[in-house]
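Report on one structure; see the data block that follows.
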Amino acid sequence: MSITGPGSITALNLAAQTSMFNQLNTLAQELGTGQAAQTYSGLGSQAGLVMALNAQVSQIDGYSATANSVGTNLSIAQSALTQIDNAGHAVTQAVSQQGQFALDNTGQTATQQAAASYLDQIFGLLNTQVGDNYLFSGTASTTPSVAPTDTILNGNGAQAGLTQIIAERQQADLGTGGTGRLSISPVAGSSFSISQDTSPFGFKLAGATTTIAGATVTGPSGSPPAISVTLGANPSDGDTIRFSLTLPDGSSQTISLQATTNSPPGPGQFTIGTTAALTAGNLQTALNSAVTSLAQTALPAASAIAASNDFFTSNPPQRVNGPPFDTATSLVAGTPANTVFWYTGENGALPARQTATAQVGPSMSIAFGMRANEPAFSSLIAAIGAYAATTYSPSDPNAQASYQALTAGVQAALAGQPGTQTVSDIAADLANAQTTAKNAGAMNTQTQQTLQDLLQGIDGVDQNKIGEQILSLQNTLSASMSVTARLAQLSLVNFLGPVG
């Protein structure tokens, strides 16, 4: 027969209490973490599924973070676009409401100075950064998008800026004879001709018409193109002849000359002579005077706009192949050594939007890249730049007329052409990207909740139930410890009682 003493009972109780302590710790961990197991091995056959679900949750977290980050970039970009568009509208309004022609000490009007300020603002906005990234530099996001305004306008050492490019182009378009590269032949009998040169500079002949009975007007034709005029008989008072010219910026001018019996004739008139030959001479003189006048007024304005377009919208920028410039016969690509390259970001073959992309959901991506030299920006800058970089001499009698021609040309350029990209078009592209990112965020949140619910069903615990188990276990442990303490105090003497 074996006898189990109090010591053995206490040892068993202590072992049971240790087990309960371990259970209590496990339940406390489950209550604190909300998970039934702290390691994948504790999940048994469900471990693989839980690992896959956690990986998906992590991936969705990454998409959500990307969507939030891109959303910040897009909001800042939209703000910059709004300000650029507002600056363009402000210049348009200022140009259309120009006041008195009054030059300051720089040879510019107050409206031109205001335009220069807006141009500087636009360049600053095109250099917008978010963190270390420039939003308008294409894939070269750590490189500034545009050069400093002063460098763009005034150059940098041997690098010519816009002001110099315009001056060179104006010399080339005017030519050596002061007639914008047009040549008017002497009268032979009752005939003469007007021809252009073969260079890309100066006026180009577009056509001619007349109401003079018996007169013959042909061309432009030949090489170089020319228009021939022959008066078969004297015109009648009020008969007209018109010559259409194309200017360097693509705009048009019409010289309309009217026959008159007055001598001397008024502006836009030629005197009818006693013979057709004399009348032809008077017509030739009037045409030469009209061409020279346009060459001093409309031509410099169109030349400035053309030079600005070549500087801002061409890559590389184009400039007159000189010196000398007044006899130049071609344009040449500028190089970084001799010409300011205003756009300093990336200029690869990818469409601008594709230069920055982001995955914002398992099957949702957005493209939100931009380049400062996109047509919407470069055409706006070119128009404002021509206006802001042109100067006039107070002693030039043609200055006001030339300024008015520049103003009209800039207004037309700022109005844009149908079908061309606008700042609003770029803003719309980014708005679509914002919508996609927002929708992706909502879908990511929904997906995360679904995944968390699945994980909770596998690895989760009912915290109310766990709390009940902990309370019950604590009560049991307390009772066990009380019993153990009493058993530990038992002895044979206490058990038998006092001997009497």
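The values are calculated or read from the model by the stated rules, or taken from the named source; none is laboratory data. Source: prediction; values computed, not measured. So basically every Cβ, Gly included, is an ideal-geometry build from the backbone, and we count neighbours across all protein chains shown.
Within the stretch 195-214, residues that are assigned by TED's automatic domain parsing to the domain that holds Ile255 reach partners that are charged (D, E, K, R) and not in a loop (DSSP other than H, G, I, E, B) with beta carbons closer than 8 Å, at six or more positions or on different chains, in the pairs Gln196/Lys204; Phe201/Arg169; Phe201/Asp173; Gly202/Asp173; Ala208/Arg242; Thr209/Arg242; Thr210/Arg242. Scanning the stretch 420-433 turns up no residue that is crowded, with 22+ Cβ neighbours inside 10 Å and over 19 Å from the mean Cα position of the chain (by Cα). Entry remark, the stretch 124-162: residues being within 21 Å of Thr391 (Cα to Cα), out of contact with any Leu (no Cβ under 9 Å at 6 or more places or on another chain) and surrounded by 15 or more Cβ atoms within 10 Å (Cβ to Cβ) number 4 in total. Here's a check for you: in the stretch 362-406, which residue that is assigned to a loop (DSSP other than H, G, I, E, B) and among the small types (Gly, Ala, Ser) is modelled with the lowest pLDDT? Filtering the stretch 362-406 for residues that are assigned to a loop (DSSP other than H, G, I, E, B) and among the small types (Gly, Ala, Ser), the one modelled with the lowest pLDDT comes out as Ser363. Could you give every pair whose Cβ atoms fall below 7 Å, whose first residue belongs to the stretch 363-375 and is farther than 20 Å from Gln129 by Cα, and whose second residue is of a type in the set (S, T, N, Q) and surrounded by 17 or more Cβ atoms within 10 Å (Cβ to Cβ), counting only separations of at least 6 or pairs across chains? Correct list of pairs: Met364/Thr436.
Scoring Gly175 on the criteria (1) surrounded by fewer than 19 Cβ atoms within 10 Å (Cβ to Cβ); (2) at positive phi leaves a single failure, condition (1). Look at (1) of a type in the set (Gly, Ala, Ser); (2) surrounded by 14 or more Cβ atoms within 10 Å (Cβ to Cβ); (3) at pLDDT below 85 and you find that Gly42 fails only one, number (2).
Exactly one residue out of Gln108, Gln59 is surrounded by 15 or more Cβ atoms within 10 Å (Cβ to Cβ), of a type in the set (S, T, N, Q) and modelled with pLDDT under 95, and it is Gln59. Inspect all residues belonging to the stretch 250-264 and state whether any of them is surrounded by fewer than 22 Cβ atoms within 10 Å (Cβ to Cβ), touching a residue at least 60 places away in the same chain (Cβ under 8 Å) and under 30 Å from Ala167 (Cα atoms). Yes - at least one qualifying residue is present in the stretch 250-264. Checked against the criterion of being touching a helix residue (DSSP H, G or I) at 6+ places or on another chain (Cβ under 6 Å), touching a residue at least 12 places away in the same chain (Cβ under 8 Å) and crowded, with 17+ Cβ neighbours inside 10 Å, the stretch 239-248 contains one or more residues that satisfy it.
Of the residues in the stretch 193-207, how many are closer than 21 Å to Val332 by Cα and part of a strand (DSSP E or B)? Summing the residues that are closer than 21 Å to Val332 by Cα and part of a strand (DSSP E or B) in the stretch 193-207 gives 1.
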